[in-house]
Amino acid sequence: MPGSSPCHANRWPRHFICQIAALVLASTCLSAQLPTTPTPAPKATPEKSKPAPDDFASASRQTLAQFNDALENLAARVSLAVVQILVTGYGPLHEQNRSETALIVRQHAVGSGVIVDPNGYIITNAHVVEGAQRIRVALPLSSDAGRPVAAGKRHILEARLVGVHKETDLALLKIDEKDLPTLVLLAQQRPRVGQLVFAIGSPEGLQNSVTMGVVSAAARQADPDKPLTYIQTDAPINPGNSGGPLVDMNGAVLGINTFILSEGGGSEGLGFAIPARIVDFVYHSLRKYGHVHRVEIGAATQEITPTLADGLQLAQHWGVIIADVKPDGPAAAAGLQVQDIVLTADDRRIETLPQLSSALYLHRLDQVLKLEILRGDQKKILYVPAIEHRDQMDQLFDAADAEKSLVPRLGILAIDLTDDLRSKVGTLRIPSGVIVLGRAADLILPDTGLQTGDIIHALNTTPITSMEALRATVLALKTGDPVVLQVERSDGLTYLSFEME
């Protein structure tokens, strides 16, 4: 979990319950020990009976015991749905000397995940599984409760990567298991500053670790250039907590822990979690499509600057202005015009471009987008039908012939990288190859690591320039033969290796 900050965390909120309890007990004991000067009671009204000091101490101890029992029960129940994710891949060895040849080594990483469906769907962070050649999931044991577990008793399963959304840093995994305990994503309720929360995960590889804190900020925009806002918490979060849940007192997921701001690499009380409403949206999109569909309304926006406001004589010097409206689009049909200032979207106050982007991101396709706009000096309410921005892979998949695109031994659907497709996918390092449209889920196949949008350039030492070349090369392989695919993704070239089955 990258990030650094010169700020130092204020750690008292993690212990405020204990501090308050200690003060209560101390004041009770003190009141019992200190001598008191008798004061005559008023004769007109008889003095009411007061509880004895021992009653205060007994009530305090009972309250603390009940609170402690509640925390123990919460930790035991929630931990059953939090898994440890074990990732194996390849990466460059850290260079000590620039004159040395770079070495590629086998790397291991540990993260956390949340079971969100009893049939084995698990949400985690995209950066946890980035570059993974193999992903395994260690399920918690009901008898663990933070105690050491023998390696042979651990229930470890192979996991399949369903989809990744790097923009939100979320990924969806699938394991072949049923009737698993799950946690509920609290998508309809917003967190409150000061709310008591718990972070659960595998910090530094220590499975089922529980830490406590409060919500420090309910909607913190960590990066001004990105529309996402995060839940900030002072609950201790460390490397390995990534992908684990931030839960409330009822055990519902408020967010998925994703990164920290730290100078030393450890917790300084500045942890950030992706809000549950965004996690819920991305989860359902990844499960249904393998990637995330975006909402659009057919209008372009930009942030208002003082210079822009003065030049256009706008009513305010901040906010978001409509810069363009596409003809025949839903925004034009709803009456949206150039130079309209967006005040709210779905009743969310809009003052910055990331706020509008976030509101559109969370808007449901089956609902009309409510916009409050300022036109001149008049406020208006417009209702704009939202349309789906379909991923290019969806369009390619719809146009593909399933029988001609299937490569059975690899379990993928792919098509030739034509000149037309090449112009759509952008600049490539290698101009030839085949593009992967998706996986054939019904086939029992080796875990190739291929993802939708991957471009296969070579298989072992054979260049792959067409589907015909790919099929012929795969057909010549025998069971147990090593397979190395050279693949190009958005972040460059990489190798995927496995044995043919």
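Numbers at a glance
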item: Where the stretch 196-335 is the region considered: accessible area per residue in Å², 1.4 Å probe; result: 38
item: Residues whose placed amide H lies under 5 Å from that of Ile464, excluding near-sequence neighbours; result: Ala458, Leu459
item: Sulfur and carbon atoms: percent of accessible area, the stretch 268-362 [1.4 Å]; result: 49
item: Sparse-neighbourhood loop sites, chymotrypsin sites (Phe, Trp or Tyr not before Pro) in the stretch 317-390 - DSSP loop, at most 13 other Cβ within 10 angstrom; result: Trp318
item: 5 Å binning of all Cα-Cα separations within the stretch 160-260, expressed as whole percents from 0 upward; result: 3, 12, 20, 23, 22, 13, 5, 1, 0
item: Above-threshold pairs, the threshold being 30 Å between Cα atoms, out of Lys174/Lys404; Lys288/Lys478; Lys288/Lys404; Lys166/Lys379; Lys178/Lys370; result: Lys288/Lys478; Lys166/Lys379; Lys178/Lys370
item: For the stretch 316-379: rounded, prolate or oblate by the Cα gyration tensor [a/c cutoff 1.5]; result: oblate
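The values are calculated or read from the model by the stated rules, or taken from the named source; none is laboratory data. What you see is a predicted model; the values in this text were computed from it and never measured. Virtual Cβ from ideal backbone geometry, glycine too; neighbours counted across all protein chains shown. The protein model used for the area step is the full one, side chains on, heavy atoms only, and it has no ligands, DNA or RNA in it. Shrake-Rupley method; radii C 1.70, N 1.55, O 1.52, S 1.80 Å.
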